[in-house]
Amino acid sequence: MEWFEALILGLVQGLTEFLPVSSSGHLELGKAIFGVDKEFSLMFTVVVHGATVLSTIVVFRTQIWNLIKGLFQFKWNAETRYLAKIAVSMIPIGIVGVFFKDYIEALFASEAMVLIVGIMLFITAALLAFTHYSKPRDKEISFLDSIIIGIAQTFAVMPGISRSGATIATGLYLGNKKAVVAQFSFLMVLVPILGENILDLMKGEFTAEGGIGAIPLLVGFLAAFVSGLLACTWMIKIVKRGKLIYFSIYCAIVGTIAIITGLL
């Protein structure tokens, strides 16, 4: 992988991690365009995902710090309840990760990946389109809402289904506040991604055998981090204004192109 390829893929990851267009789908399409070898593509994916986790922490640093302070008061306060809801939301993806990880990795190695991404992008487009008709109320996210949003997140293991799109759309369907749903969506994924990165480190995913150099990894990391900062801030504003329908159109267009390409 050349440094300029890493730069472009890092930018794609950082932007699409937070925008509801599927970062995994776009990253796989980008790898297909550049012909990135599957033997070290997982290594690069883990690195740029780590960068977007860091950008999330930076954007929500005040909220995260307040949650930590509230937690260490050792009381059943608002912060502890919020963290408990995040923990509940992670149960479904934890189950999928434990019992279906091998099947998911096999899917990402499929020769029909471009076609799969195209089909899944159409599903994302439909999810986002329906939010145009949702009627969010002023209710806060409940524990039941948390588990439902967590279940929605499990479908985003499919390349082409947007994690932020699925979780934010589900939260809006449930009638939760727009800004609250956006923040919850971004914070709930921190632990699963960090856990995935740690597991890959323990398995030796970052050995030199993959053939990818340190420079492309660094360039990809920085590109994903900076673009992630911008996209995360932008996405919060977009959700508040209810402008997700435009991303639905975008996903439908890219999905059409991917399906046609995959069938050729």
Arrange the following residues from fewest to most other Cβ atoms within 10 Å of their Cβ: Ser22, Ser227. Ser227, Ser22
I need Ile116, Ile8 ordered by Cβ neighbour count within 10 Å, fewest first. Ile8, Ile116
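May I ask you to compute the full-extension gain from Glu111 to Lys75, defined as 0.36 nm times their residue separation minus their alpha-carbon distance, rounded to one decimal in nm? Mind dumping the intermediate values first?
Details: separation 36, 0.36 × 36 = 12.96 nm, distance 5.15 nm.
Result for the pair: 7.8 nm of gain on full extension.
Percent relative contact order of the chain, based on C-alpha pairs within less than 8 angstrom and at least six residues apart? It would help to have the intermediate numbers written out before the result.
On the way: 396 pairs, mean separation 105.3, N = 264.
Relative contact order comes out at 40 percent.
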What ³J(HN,Hα) values, in whole Hz, does the Karplus curve 6.51 cos²θ - 1.76 cosθ + 1.60 give for the stretch 145-160 when θ = phi - 60°, with x put for Gly and Pro? 4, 4, 5, 5, 5, x, 5, 4, 5, 5, 5, 6, 5, 6, x, x
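How do Ile33, Ile148, Ile119 line up, fewest other C-beta atoms within 10 Å first?
Numbers: Ile33 13, Ile148 19, Ile119 16.
The fewest-first ordering by Cβ neighbours comes to Ile33, Ile119, Ile148.
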Based on the Cβ-Cβ distance from Glu140 to Phe100, what FRET efficiency comes out when R0 is 30 Å, to the nearest 0.05? 0.45
So the angle from the long Cα axis of helix 3-18 to the longest Cα principal axis of the chain, reported in degrees to the nearest 10, equals 30 degrees
Neighbour cut-off at most 12 other Cβ (10 Å), DSSP loop, GluC sites (Glu not before Pro), the stretch 54-117: Glu111
Efficiency by 1/(1 + (r/R0)^6): what FRET value for Gln63 and Leu218, r their Cβ-Cβ distance, R0 = 35 Å, to the nearest 0.05? 0.75
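Which FRET efficiency value, to the nearest 0.05, do you get for Arg241 and Phe4 by plugging their Cβ-Cβ distance into 1/(1 + (r/R0)^6) with R0 = 35 Å? Before the final figure, lay out each step's value.
Working: r = 34 Å, r/R0 = 0.98.
The value I calculate is 0.55.
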Determine the distance separating the Cα centre of the stretch 93-158 from the Cα centre of the stretch 208-264; give it in Å without decimals. 16 Å
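Read-outs: derived from the displayed coordinates by stated rules, not from any lab. Since this is a predicted model, take the numbers as computed values, not measurements. Cβ: placed from backbone, ideal geometry, glycine included. Neighbour counts: every protein chain shown.
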